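Comments concern the structure below.
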Amino acid sequence: MESEHYELILDHFKNPRNYGALEDADVSYEEGVPSCGDLIRLDVKVEGGKVAAVKFTGKGCAISQASASILTEKVTGMGVTEIMRLDDGEMLESLGLTVSPTRFKCALLGLKVLKKALLQNEKDKAAGAADGIER
Ligand code: FES
């Protein structure tokens, strides 16, 4: 059972889904883990309150990169409000294996970056509405 789960992580690490840049992204955000230098960047397109498309790039350990790949599949088509409510436990569950607490930062980096990207998008929209420019 456990080895099947490692296979999911390894598959996503070797063949990352939604990898690359999104030409028409509404917002891009990147953040790393200072202690190891690993990094995730997400480009997100939001339409009608949902994530219409999301792509990622990054560098780092298998768990951080695979979990970002798994995350992009999970949240495509999902409502922004729903994503903001996703908690760490749900993200860890989608990886399908038990991650030791020392690796939580790796497994949760993608979700953290996604939530910050969506918050930034809201801020940009609010700023656009305030200055009359549509973004
Ligand atoms: Fe850096 Fe995993 S060791 S995110």
With the 8 Å Cα cutoff and a minimum separation of six or more residues, the chain has a relative contact order in percent of 26
Sorted on mean Cβ neighbours within 10 Å (highest first), peptides 104-110, 42-48, 78-84 come out as 104-110, 42-48, 78-84
Hits in the stretch 6-42: amide N under 20 Å from the 7 Å Cα→Cβ extension of LYS123, namely 25-34, 40-42
In deg cm²/dmol, rounded to the nearest 500, the helical mean residue ellipticity at 222 nm of the chain, built from -39500 (n - 2.57) for every DSSP H run of length 4 or more, is -16000 deg cm²/dmol
Computed for the chain: size of charge dipole around the Cα centre, +1 on C-beta of each Lys and Arg, -1 on C-beta of each Asp and Glu, debye to nearest 20, value 240
Rg (one decimal) and Dmax (whole number) from the Cα set of the stretch 45-135, in Å, equal 14.5, 48
Magnitude of the Cβ-charge dipole (Lys and Arg +1, Asp and Glu -1) of the stretch 1-69 about the Cα centre, nearest 20 debye, reported as 100
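Any read-out appearing in this document is the output of simple, stated calculations on the displayed coordinates, not a laboratory observation. Remember, it's a predicted structure, so these values are computed and weren't measured experimentally. With ideal geometry, Cβ positions are generated from the backbone for all residues, glycine too; neighbour counts draw on all protein chains shown.
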